[in-house]
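Encoded as structure tokens, the structure appears first; notes follow it.
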Amino acid sequence: PDISVILSFLQELLDKGRSPSTLKVYVAAIAAFHAPIADQSIGRNNLVVRFLKGSKRINPSRPHTIPTWDLSTVLRALKSPPFEPLSDADFKPLTLKTALLLALVSVKRIGDLQALSISPSSLEFGPGDSKVILKPRHGYVPKVPSTPFRAQVVTLSALPSSEGDQELSLLCPVRALRMYIERSASFRQSDQLFVCFGGRHKGQPVTKQRLSRWIVDAITLAYSSLGLECPIGVLAHSTRGVASSWGWSSGVSMAEICAAAGWASPSTFTRFYSLDIPAL
């Protein structure tokens with residue numbers, strides 16, 4: 001077909017509500033099987049390029065929506081039953097709390113969290129549990145392969161009690177990790193940090209999908225423990241936006257946030273994760 005037929009086809013897709021990125025996929029597929037027109041591939045044709053640019057202008061990418069859950073509410077719940085006292089908590093709430101705290105303070109992707117290991121070469125607690133260093137399993141390839149290894153390492157400092165808030169230490173991720181590792185030792189069958197806590201897979205490595213579910217379950221349980229209805233549409237991935245924006249508004253430098261999250265530049269944060277969340 002000539003270029004007018006292709007443009008008509010793209011217009012039909014646009015009228016059906018297809019996104020500009022979807023149109024680009026169609027153009028790439030057509031170009032792969034269509035001979036060049038006037039010595040230009042379909043994807044480089046001036047009219048096609050202009051059409052795609054126009055489709056993007058009339059259908060701009062939507063800004064990242066503000067998460068429906070409130071961080072301060074969730075943190076308040078994590079300091080109370082069924083999450084505390086931590087030594088007496090059932091293993092499920094302990095697991096959910098540990099996973100959520102780690103997701104919040106590390107600003108890592110679910111895949112990065114799932115890859116963390118407790119093998120002797122990958123786990124190190126500081127003196128008096130003042131900090132913890134966690135590394136991914138050997139051979140792990142992150143979502144962005146160019147991410148340097150140092151950016152894959154999770155280093156967390158213990159959260160001390162403050163004079164203004166004696167319960168602050170109840171949110172310490174190092175404390176939660178220590179308790180989680182100790183209580184899972186009797187049944188774990190893997191060096192992967194997070195393992196299944198029930199059913200026929202008990203003790204085996206948790207999948208990324210289940211770990212994502214745990215994050216959502218932790219937020220849901222936090223709300224229900226306070227007698228509140230959990231907002232709809234809670235996503236595990238939203239912890240990255242909430243935590244990074246919280247850190248930014250609390251004075252953490254952009255360089256530190258980018259390094260923790262494994263982002264190459266602040267543009268990733270400002271484009272996708274910069275949410276209007278006040279400092280706690």
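The values are calculated or read from the model by the stated rules, or taken from the named source; none is laboratory data. No experiment lies behind these values; they were computed from the predicted model shown. Positions of Cβ are backbone-derived with ideal geometry, glycine not excepted, and every protein chain shown enters the neighbour counts.
Quick grid of which residues meet (1) under 30 Å from ILE6 (Cβ atoms); (2) at pLDDT 80 or above:
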{"position": "ILE42", "(1), (2)": "yes, yes"}
{"position": "ASN46", "(1), (2)": "yes, yes"}
{"position": "ARG50", "(1), (2)": "yes, yes"}
{"position": "ARG57", "(1), (2)": "yes, yes"}
{"position": "PRO63", "(1), (2)": "no, no"}
{"position": "THR68", "(1), (2)": "no, no"}
{"position": "LYS79", "(1), (2)": "no, yes"}
{"position": "LEU86", "(1), (2)": "no, yes"}
{"position": "ALA89", "(1), (2)": "no, yes"}
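Take ILE181 and tell me if it is at negative phi, of a type in the set (Val, Ile, Thr) and modelled with pLDDT of 90 or more. Lay out the reasoning, then the answer.
Numbers: at negative phi: yes; of a type in the set (Val, Ile, Thr): yes; modelled with pLDDT of 90 or more: yes.
Answer is yes for this residue.
In segment 190-219, what count of residues is obtained for those that are in a helix (DSSP H, G or I), under 17 Å from ARG137 (Cα atoms) and of a type outside the set (D, E, K, R)? Can you show your working first?
If we filter segment 190-219 for residues that are in a helix (DSSP H, G or I), which is where we start, we get 199-201, 208-219.
Subsequent filtering for residues that are under 17 Å from ARG137 (Cα atoms) retains 208, 211.
Pick out the ones that are also of a type outside the set (D, E, K, R) and you get 211.
Of the residues in that region, 1 qualify.
Quick check on SER106: is it over 28 Å from ASP191 (Cβ atoms) and of a type in the set (Ser, Thr, Tyr)? Before the answer, list the steps.
Details: over 28 Å from ASP191 (Cβ atoms): no; of a type in the set (Ser, Thr, Tyr): yes.
So SER106 does not fit the description; no.
Six or more apart or on different chains, Cβ under 9 Å: which pairs go from a residue in segment 119-133 that's exposed (fewer than 13 other Cβ atoms within 10 Å of the Cβ) to one that's modelled with pLDDT under 95 and not in a strand (DSSP E or B)? Could you list them?
Cβ pairs passing all conditions: SER121/HIS138; GLY128/ALA158; SER130/ALA158; SER130/VAL174.
Please find, within segment 74-116, the residue that is farthest from LEU171 (Cα to Cα) out of those that are polar (S, T, N, Q) and either crowded, with 19+ Cβ neighbours inside 10 Å or not assigned by TED's automatic domain parsing to the domain that holds VAL141 (or both).
Of all residues in segment 74-116, those polar (S, T, N, Q) come to 80, 87, 95, 98, 106, 114.
In the following step, the residues that additionally are either crowded, with 19+ Cβ neighbours inside 10 Å or not assigned by TED's automatic domain parsing to the domain that holds VAL141 (or both) were identified as 95, 98, 106, 114.
Working: THR95: 14, THR98: 9, SER106: 14, GLN114: 21 Å.
Once the filter is applied, the top-ranked residue is GLN114.
What are the residues in segment 1-45 that are exposed (fewer than 10 other Cβ atoms within 10 Å of the Cβ) and either touching a Lys or Arg at 6+ places or on another chain (Cβ under 6 Å) or small (Gly, Ala, Ser) (or both), if any?
SER4, GLY17, ALA35, ALA38, listed by residue number.
Restricting attention to segment 173-201, which residues are more than 26 Å from PRO160 (Cβ to Cβ), exposed (fewer than 14 other Cβ atoms within 10 Å of the Cβ) and of a type in the set (D, E, K, R)?
ARG200 - this is the single residue of segment 173-201 that is more than 26 Å from PRO160 (Cβ to Cβ), exposed (fewer than 14 other Cβ atoms within 10 Å of the Cβ) and of a type in the set (D, E, K, R).
Quick check on segment 94-112. Is at least one of its residues more than 25 Å from TRP69 (Cβ to Cβ) and either modelled with pLDDT of 95 or more or touching a Pro at 6+ places or on another chain (Cβ under 8 Å) (or both)?
Kept after step one, since they are more than 25 Å from TRP69 (Cβ to Cβ), are these residues of segment 94-112: none.
No, because not a single residue in segment 94-112 is more than 25 Å from TRP69 (Cβ to Cβ) and either modelled with pLDDT of 95 or more or touching a Pro at 6+ places or on another chain (Cβ under 8 Å) (or both).
Kindly state which helices (runs of 4 or more DSSP H) lie completely within segment 46-120 and contain at least 1 residues that are of a type in the set (D, E, K, R) and over 20 Å from LEU193 (Cβ atoms). Quick ask: steps written out before the conclusion?
Working: elements: 46-58, 71-78, 91-106, 110-114.
Here the list reads 46-58, 71-78.
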